[in-house]
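> The structure is given below, and queries will be raised subsequently.
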Amino acid sequence: MKILIYLENLHRGGVDTFIINLINYWPEKKDKFIILANQNHPAIDFFKINIEKKNQVISFNVPLYNELIKKFPNLFLIKVFLRITLILYQYFLLKKAFSKIEASSLIVANGGYPGGDTSRLANIVWKRLGKNNNIHNVNNLAVQPKGFLTSRFENFFDHWLKMSVDHFVCVSQVSEKYLRKRKNLSHIKNIIYIYHGLNPTKKKSKKMLRKLINIENNEKICLVLATYERRKGHSFLIKSFKEVLKIRSDVHLVFVGHRNKNDLNYFNYLKTLQNNKIHFLDFVPYATSFIIESDLVLLGSQEFESFGLVALEAMMLKKPVITTNLEAFKEVLGKENFENIIKKNNYKSYSNQIIKMLNNKKYRNESIEKGYKRANILFNPYQMCLKYYDLINTKK
């Protein structure tokens, strides 16, 4: 059986990790995967390196609204005309591409919802071609449309998607809950959630973290792996960390992440806060090695998280994790790690938890074991893939 995975994305991230794990841990080794991704997706080479050669990665030359709109004046009528015209053209391109690809199943890996227009169009085109096993995967929290015309358009789009897919698969319970808030998706029965499974690679980065920031082996590292977006809570973590420095002077806060053009001003602001204890690094492939080198992994997001993938990766690698109290983080860490889940506006409690984790070795080890046990029970990659395999192979 050949399975087509389609994605529209302009940034590297958790969706790429999900796709690689889905392919590499797939239970039926005779099956083959075809990844069809927009030509300017930065993970195309990453896919080729990390999946078996029997599988195929195709670069799809398709114009995207978020890229084209930058070239036109910011006028409402132009936006409407461009989007409608582009959707019709994208539909034609998808139909042409899918007609040439011999696959019996489609999994659309959507980074958010609604996400890019081609993500939803792909499922609609697949259905119109009379093909089965039509799955739409949602890797983030769905947002609600704003404005009368936008809402009408989005409801129309959701309706046709609802009529096309066999299953909506969300990454978590909170992700499913947010998707059901969309008007035309609120009462349908084919929305489920399947947790991401993870088995972190221990392939080392070419850059060793301690050498990169020039610190001694006996100094402590609090690591933050997150894109440089405001919602990720960098300012909150810095405020908490400054409280930690009042108690311990041998600690470093290290941020590692991808930065988008839209967040350049925010990143430049963060850089003004840099000193010999606070460091900002660009995205690094195989950042797993940085987790291994760190003493503590921090997540400070203030809103809009669907799944704590970094938290899960740290738990799998037996590193302690402290997060804010977003629903997605609670879902990953669980009740057994409730002390490590801190209110998102309480920077002093967050800093106290960092100090406790660094100072109390027994408490730290207990926290590590609880996290590792939970991660292996609930977030096993083989279990994740088996659930997707059953979805595709269950006769309707």
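> Are any residues in segment 85-130 polar (S, T, N, Q) and either in a helix (DSSP H, G or I) or surrounded by fewer than 19 Cβ atoms within 10 Å (Cβ to Cβ) (or both), and if so, which ones? Outline the logic, then answer.
Here is the first cut: in segment 85-130, the residues polar (S, T, N, Q) are 85, 90, 99, 104-105, 110, 118-119, 123.
Result: 85, 90, 99, 104, 118, 119, 123.
> Here is a further query. Considering only residues that are of a type in the set (Phe, Trp, Tyr) and touching a strand residue (DSSP E or B) at 6+ places or on another chain (Cβ under 6 Å), which ones fall in segment 341-396? Reasoning before the result, please.
Residues of segment 341-396 of a type in the set (Phe, Trp, Tyr): 347, 350, 363, 372, 379, 382, 388-389.
Hit for segment 341-396 is 350, nothing else.
> If you check every pair at least six apart or on different chains, which have Cβ atoms under 8 Å apart with a residue in segment 1-29 that is under 19 Å from residue 54 (Cβ atoms) first and a residue that is in a strand (DSSP E or B) and among the hydroxyl-bearing types (Ser, Thr, Tyr) second?
Cβ pairs passing all conditions: 1/105; 2/105; 3/105; 4/105.
> Same structure again: State which residue is surrounded by the most Cβ atoms within 10 Å (Cβ to Cβ) when the search covers only segment 42-52 and only residues that are more than 19 Å from residue 100 (Cβ to Cβ) and either among the β-branched types (Val, Ile, Thr) or out of contact with any strand residue (DSSP E or B) (no Cβ under 7 Å at 6 or more places or on another chain) (or both). Break it down into steps so the answer makes sense when it comes.
Taking segment 42-52 as the starting set, the residues that turn out to be more than 19 Å from residue 100 (Cβ to Cβ) are 42-43, 45-52.
Narrowing the set further to residues that are either among the β-branched types (Val, Ile, Thr) or out of contact with any strand residue (DSSP E or B) (no Cβ under 7 Å at 6 or more places or on another chain) (or both) leaves 42-43, 45-46, 49-52.
Working: 42: 15, 43: 23, 45: 10, 46: 17, 49: 10, 50: 19, 51: 18, 52: 11.
Across segment 42-52, the extreme among qualifying residues is 43.
> If you don't mind, there's one more thing I want to ask. Just one of (1) in contact with a Gly (Cβ under 8 Å, 6 or more places away or on another chain); (2) within 30 Å of residue 30 (Cβ to Cβ); (3) not polar (S, T, N, Q) trips up residue 143, so point out which.
Against the list (1) in contact with a Gly (Cβ under 8 Å, 6 or more places away or on another chain); (2) within 30 Å of residue 30 (Cβ to Cβ); (3) not polar (S, T, N, Q), residue 143 comes up short only on (2).
> Pull up segment 128-142, narrow it to residues that are touching a strand residue (DSSP E or B) at 6+ places or on another chain (Cβ under 7 Å) and among the hydrophobic types (A, V, I, L, M, F, W, C), then point me to the one that is farthest from residue 327 (Cα to Cα).
Looking at the filtered set, the residue picked out is 135.
> Now a separate question. Which residues, taken from segment 292-315, are crowded, with 22+ Cβ neighbours inside 10 Å and more than 22 Å from residue 345 (Cα to Cα)?
Result: 294, 312, 313, 314, 315.
> Let me ask another. So which residues in segment 21-50 are among the aliphatic types (A, V, I, L, M), modelled with pLDDT of 95 or more and either over 17 Å from the mean Cα position of the chain (by Cα) or under 21 Å from residue 393 (Cα atoms) (or both)? Let's see the steps before the verdict.
If we filter segment 21-50 for residues that are among the aliphatic types (A, V, I, L, M), which is where we start, we get 22-23, 34-37, 43-44, 49.
Narrowing the set further to residues that are modelled with pLDDT of 95 or more leaves 22-23, 34-37, 44.
The answer is 22, 23, 34, 35, 36.
> If we scan segment 146-156, do we find a residue that is basic (Lys, Arg) and part of a helix (DSSP H, G or I)?
Kept after step one, since they are basic (Lys, Arg), are these residues of segment 146-156: 146, 152.
Next, only the ones that are part of a helix (DSSP H, G or I) stay: 152.
Yes, some residue in segment 146-156 is basic (Lys, Arg) and part of a helix (DSSP H, G or I).
> Being farther than 26 Å from residue 309 by Cα and hydroxyl-bearing (Ser, Thr, Tyr) is the requirement here; does residue 65 meet it? Before you say what the answer is, go through the steps one by one.
On the way: farther than 26 Å from residue 309 by Cα: yes; hydroxyl-bearing (Ser, Thr, Tyr): yes.
Yes, satisfied.
> While we're on this one: Tell me, please, whether a residue that is assigned to a strand (DSSP E or B) and either free of Cβ contacts under 8 Å to residues at least 60 places away in the same chain or in the same structural domain as residue 262 (by TED's automatic domain parsing) (or both) can be found in segment 37-56.
So far as segment 37-56 goes, yes, one or more of its residues are assigned to a strand (DSSP E or B) and either free of Cβ contacts under 8 Å to residues at least 60 places away in the same chain or in the same structural domain as residue 262 (by TED's automatic domain parsing) (or both).
> Can you tell me which residue among 221, 215, 191 is over 23 Å from the mean Cα position of the chain (by Cα), within 29 Å of residue 325 (Cα to Cα) and crowded, with 16+ Cβ neighbours inside 10 Å? Steps first, answer last, please.
Details: 215 fails: within 29 Å of residue 325 (Cα to Cα); 191 fails: over 23 Å from the mean Cα position of the chain (by Cα).
Testing whether each residue is over 23 Å from the mean Cα position of the chain (by Cα), within 29 Å of residue 325 (Cα to Cα) and crowded, with 16+ Cβ neighbours inside 10 Å leaves just 221.
> I would also like to ask the following. If you scan segment 158-188, which residues turn out to be of a type in the set (S, T, N, Q) and surrounded by fewer than 20 Cβ atoms within 10 Å (Cβ to Cβ)? Give the steps one after another, and end with the answer.
Within segment 158-188, the subset of a type in the set (S, T, N, Q) is 164, 172-173, 175, 184, 186.
Listed by number, the residues that qualify are 164, 173, 184, 186.
> For residue 55, are the conditions met, namely being in contact with a His (Cβ under 6 Å, 6 or more places away or on another chain) and either β-branched (Val, Ile, Thr) or crowded, with 18+ Cβ neighbours inside 10 Å (or both)?
On the way: in contact with a His (Cβ under 6 Å, 6 or more places away or on another chain): no; either β-branched (Val, Ile, Thr) or crowded, with 18+ Cβ neighbours inside 10 Å (or both): yes.
For residue 55, the condition - in contact with a His (Cβ under 6 Å, 6 or more places away or on another chain) and either β-branched (Val, Ile, Thr) or crowded, with 18+ Cβ neighbours inside 10 Å (or both) - is not met.
> Cβ contacts < 7 Å: first residue in contact (Cβ under 8 Å) with a residue 12 or more places away in the chain, restricted to segment 314-339; second residue part of a strand (DSSP E or B) and of a type in the set (S, T, N, Q), any location; separation 6+ or different chain. Result?
From segment 314-339, the pairs are 329/323; 333/323.
The values are calculated or read from the model by the stated rules, or taken from the named source; none is laboratory data. These figures come from a predicted structure and were not determined experimentally. Here the Cβ is made from the backbone with ideal geometry for all residues, glycine too, and neighbour counts use every protein chain on show.
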